[in-house]
Amino acid sequence: IMMLNLSLDSSFNEKSDSEKKRLLTTKILIRSFQDVRNNSVDMTKPLSPEDQVVQPMADASPTKWHLAHTTWFFETFILMPNLKSYKVFDENFVYLFNSYYEAVGKRHPRPSRGMLTRPSLQEVFSYRQYVDASMIELMTDSANVITKPILELINLGLAHEEQHQELMFMDILNVFSMSPIKPAYCRNGPVAVKALKNRSFYSFSGGVYEIGNPGTEGFSFDNEFPRHKTLIRPFKISSTLVTNREWLEFMNAGGYSTAKYWLSDGWAVVQEKNWQAPLYWEDCDGKWKTMTLRGLVPVAMDEPVLHISFYEATAYAAWAEKRLPTEAEWEHAMESSIDLFEQVFDSAWQWTSSSYSPHPGYICPEGAVGEYNAKFMSGQMVLKGGCLATVQNHSRSSYRNFFYPHQRWMFSGLRLAEDYTLDTSGDEAFRIEVIAGLTAPRKKLSPKWFYDAKGSDIFEDICSVPEYYPTRQELALFRNIVGDISSRIGQDSVLIELGSGASVKTRILLDAAPQIKVYKPIEISASALDFAAATIRQLYPNLTVDPVVGDFTNLKLTDFSSTTASPQVCFFPGSTIGNFPPDEAISLMIGVRKYLAASLTNSLFIVGVDLAKDKATLEAAYDDKQGVTAQFNKNILTRINRELGGTFDLDNFAHRVQYNRLEGRVEMHLECLVTHDVSVLDKKIHFVREETIHTECSYKHTIDGFSSLAVQAGWKVDQHWVSPAPCFAIFLLSPLL
């Protein structure tokens with residue numbers, strides 16, 4: 001009550017509980033009603049009366065018509081049937097402002113709404129005030145019982161008006177785009193949001209999943225129901241929307257003039273309309289500008305592309321060798337892993353490849369309101385998400401927007417998807433190792449599976465927390481010694497990095513050693529590798545970048561076959577060697593030596609090694625107060641849910657860290673908090689309370705201890721450097737011959 005600033009009379013406390021509940025519900029309902037209705041009026045403040053009567057095309061409607069139609073909805077469906085004292089404001093309005101409800105009667109033709117100079121704008125505002133007053137009377141008079149059906153109609157009317165508020169923005173922009181002076185609706189009007197991170201494609205396993213609204217919270221439209229099961233095949237979907245910069249590349253590559261990218265109907269429209277760019281783009285003396293609610297402005301290259309049709313979206317996807325997601329794929333991805341994605345509800349409606357049709361088991365509401373959605377379930381395509389003009393309470397994964405495939409005056413964009421085949425070596429290994437690890441007597445998961453795109457992002461955050469010293473200490477040390485290391489690197493060398501290499505340390509080495517001609521990162525996560533390779537290519541245009549998707553713990557000769565005759569430098573920073581028990585660390589170093597054999601005499605191996613230290617420092621480094629490492633640890637469960645159809649509830653597991661002094665290692669575990677079952681790939685896995693999944697070991701070495709491991713693997717220590725406390729070491733190894 002205090003939050004809503006609702007006033008209740010002094011007798012409120014004397015009323016019965018049921019009466020108190022009724023009064024509170026009424027107050028909240030009235031506040032919601034007034035807020036929505038006032039928002040529509042506020043939207044007209046930047047507009048002149050003339051702005052509000054123009055209709056530039058048949059799809060759009062004048063602002064005045066929107067204001068009247070949303071009022072007509074309350075009058076027709078709520079007041080006339082339920083408020084006995086209500087008198088219709090104007091009998092003509094039933095005809096003028098009916099949109100498409102056949103059950104209500106005849107209506108003024110949609111393409112001619114701009115011809116309605118009467119009623120005047122002022123009369124429409126009077127109409128709104130009259131209906132609003134009657135609605136308040138209906139909701140406050142104790143003689144009127146607000147039944148559940150009436151309440152549902154009121155909520156539908158409010159959601160309906162909020163939809164029209166978005167339409168008002170769309171139609172105002174269309175009106176102003178026709179003006180030669182290109183007026184701005186508002187100089188600080190809403191804009192699309194730029195992505196904060198580079199694009200990744202996240203993988204989702206196939207299976208039978210539920211989509212549709214569960215009906216557990218708040219208002220939803222009838223077309224979102226019922227929730228139902230659907231088969232989804234494995235797929236990948238982009239974390240961000242396609243940008244204007246990327247769209248311009250499509251245009252410059254002949255996208256609008258190349259028939260092979262287009263659906264037949266789309267190609268016909270392109271030729272008929274002579275489309276050359278998205279709606280509202282204008283070539284101004286060789287520079288692209290676009291009409292926005294802020295006026296005509298230069299195209300912001302890093303913002304999402306807007307105002308594209310379904311036909312254009314599918315053509316771009318074909319050109320990019322991707323596709324549009326299905327409605328079910330989009331909804332499943334956002335419902336299960338929303339934190340992986342950007343620009344979901346705040347920038348552009350996202351086209352899907354799904355036609356707008358009823359969900360299985362859909363029941364059309366009775367009466368005229370049954371025409372709200374059901375009659376449009378043919379010939380249109382589904383868009384998901386939300387846009388810069390969408391009200392926040394319409395932002396949900398089950399929301400279904402729909403437009404005809406040629407339309408583009410709405411704020412529409414696209415998010416790419418692609419098929420995902422589970423039988424690739426990395427995916428198959430992940431599946432096999434996860435099932436084997438979770439069904440073992442002592443459950444475990446390999447830390448190499450931490451590093452999908454999301455895990456890699458979280459690890460970058462870990463490197464910034466105060467407690468995690470290894471990155472900070474290694475980086476400072478590496479800056480001081482990179483000149484010494486560079487002097488040992490031969491001409492035309494190949495730099496092989498075990499792990500994706502967009503890190504600062506990689507760039508420091510490349511800057512210090514311009515004699516490196518080829519860079520070959522090996523990384524198990526394709527998305528992380530793509531980002532790393534793209535970053536390095538952009539920064540070092542003269543460097544050959546040859547990324548390899550693979551598990552560097554299982555090196556194959558083909559990983560190096562193209563460059564084995566050149567001097568080679570293997571780069572393994574970050575103390576990742578500590579993730580391997582001593583015998584496995586020896587095996588890894590033997591493997592590296594074996595596959596550098598063709599140029600072994602000129603080969604080097606640079607390794608970062610964390611050194612043993614006190615228990616408190618070590619445990620704090622892996623259990624930071626901000627909980628970033630805990631998030632990193634739990635992300636492996638999120639990945640299993642996403643890619644293998646897992647049912648892990650992350651709240652049922654806790655991040656645990658301990659220093660095992662006997663083994664000389666820090667251990668990370670996920671401790672089960674409640675006894676329960678989890679399903680992975682349809683296999684039931686039983687957990688008991690306090691049982692753990694062992695996810696990582698980080699061995700801490702001494703100088704002599706690691707030197708001994710290197711010798712056993714066929715390497716000698718040419719030089720090593722140690723940072724100030726907390727101590728970290730970098731070793732430069734060369735092969736024992």
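The values are calculated or read from the model by the stated rules, or taken from the named source; none is laboratory data. No experiment lies behind these values; they were computed from the predicted model shown. Please note: Cβ atoms are built from the backbone with ideal geometry, for glycine as well, and neighbour counts cover all protein chains shown. The protein model used for the area step is the full one, side chains on, heavy atoms only, and it has no ligands, DNA or RNA in it. Shrake-Rupley method; radii C 1.70, N 1.55, O 1.52, S 1.80 Å.
Miscellaneous remarks
- Taking the Cα centre of the stretch 95-148 as origin and assigning +1 to Lys and Arg Cβ atoms and -1 to Asp and Glu Cβ atoms, the resulting dipole is close to 380 debye.
- Cα centroid separation - the stretch 314-391 against the stretch 43-105, whole Å: 27 Å
- Phi-derived couplings, Karplus 6.51 cos²θ - 1.76 cosθ + 1.60 at θ = phi - 60°, listed residue by residue for the stretch 539-550: 7, 10, x, 8, 8, 7, 10, 10, x, 10, 7, x Hz, with x used for Gly and Pro.
- Amide hydrogen neighbours beyond the local backbone of Cys570, cut-off 5 Å, H modeled: Ile496, Leu604, Phe605, Ile606
- Rounded percent of accessible protein surface that carbon and sulfur make up, the chain, 1.4 Å probe: 51 percent
- Model label zone, Glu460; criterion: amide N under 17 Å from point 7 Å along Cα-to-beta-carbon; scope the stretch 184-218: 194-202
- Cβ charges +1 (Lys, Arg) and -1 (Asp, Glu), total dipole of the stretch 210-357, debye: 400 debye
- For the stretch 159-280, the extents of the C-alpha atoms along the principal axes are 51, 40, 34 Å, listed from largest to smallest.
- Taking the Cα centre of the chain as reference, the dipole from Cβ charges on Lys and Arg (+1) and Asp and Glu (-1) amounts to some 480 debye.
- Database remark: amide H of Thr692 closer than 5 angstrom to the amide H of Cys672 (H placed geometrically; neighbours at sequence offset of 5 or more, or on other chains; Pro and chain starts carry no H).
- Label assignment, Kirkwood radius over Cα pairs in Å derived from the structure, set (i) 47.3; (ii) 29.8; (iii) 36.8: (ii)
- By DSSP, the beta bridges lying fully in the stretch 323-439 are antiparallel in about 70 percent of cases.
- Zone residues, the stretch 643-658, relative to Leu673, backbone N less than 13 Å from point 7 Å out along Cα-to-Cβ: 649-656
- The gain in end-to-end length when the Asp285 to Gln163 segment is fully stretched comes to 40.2 nm, 0.36 nm per residue minus the alpha carbon separation.
- Additional length obtainable on full extension of the chain from Arg187 to Asn393, 0.36 nm per residue less Cα span: 71.7 nm
- Residue list for the stretch 302-327, given a label point 7 angstrom along the Cα-to-Cβ vector of Lys260 and an amide N cut-off under 13 Å: 318-321
- Maximal additional length on extending the Glu91-Arg118 stretch stands at 8.4 nm, based on 0.36 nm per residue less the C-alpha distance.
- In the chain, Cα pairs under 8 Å separated by at least six residues give a relative contact order of 10 percent.
- Listed residue (Ile78, Tyr100, Leu173) projecting farthest to the positive dipole end of the chain, Cβ model: Leu173
- Taking all protein chains into account, the per residue accessible area for the chain stands at 44 Å² (1.4 Å probe).
- Comparing Ser698, Ile136, Pro521 along the charge dipole axis of the chain, the residue lying farthest to the positive side is Pro521, per the Cβ-charge model.
- Scaled against 2.2 N^0.38 Å for its residue count N, the alpha carbon radius of gyration of the stretch 429-583 is 1.10.
- Sequentially through the stretch 77-83, phi angles give Karplus couplings (6.51, -1.76, 1.60; θ = phi - 60°) of 9, 10, 6, 4, x, 10, 10 Hz, Gly and Pro residues having no value and appearing as x.
- Inter-part distance, the stretch 130-191 to the stretch 481-533, computed on C-alpha centroids, equals 57 Å.
- Helix axis angle, 703-712 relative to the chain longest principal axis, alpha carbon, degrees: 80 degrees
- Near Arg233: Cβ cut-off under 9 Å, other residues only, Lys/Arg at +1 and Asp/Glu at -1. The net charge is -2.
- Cut-off under 5 Å, modelled amide H: who pairs with Met57 long-range: none
- Pairwise label distance in nanometres, Glu50 with Ser336, each label 7 Å out on the Cα-Cβ vector: 5.6 nm
- Rounded to whole numbers, the Karplus 3J(HN,Hα) couplings from phi for the stretch 130-139 are 5, 5, 4, 4, 5, 5, 4, 4, 4, 7 Hz, using 6.51 cos²θ - 1.76 cosθ + 1.60 with θ = phi - 60°, and x at Gly and Pro.
- Helix-derived mean residue ellipticity, 222 nm - over the chain, DSSP H n ≥ 4, -39500 (n - 2.57), to 500: -10500 deg cm²/dmol
- Environment charge of Ser61, counting only residues whose C-beta is closer than 12 Å and scoring Lys/Arg +1, Asp/Glu -1: +1
- Label point distance in nm, Met301-Lys594, each placed 7 Å from Cα along Cα→Cβ: 4.7 nm
- Within the chain, percent of DSSP bridges classed antiparallel, to nearest 5: 75 percent
- Between Leu116, Thr216, Val657, the Cα set farthest toward the positive side of the dipole of the chain (charges on each charged residue's Cβ, about the Cα centre) is that of Leu116.
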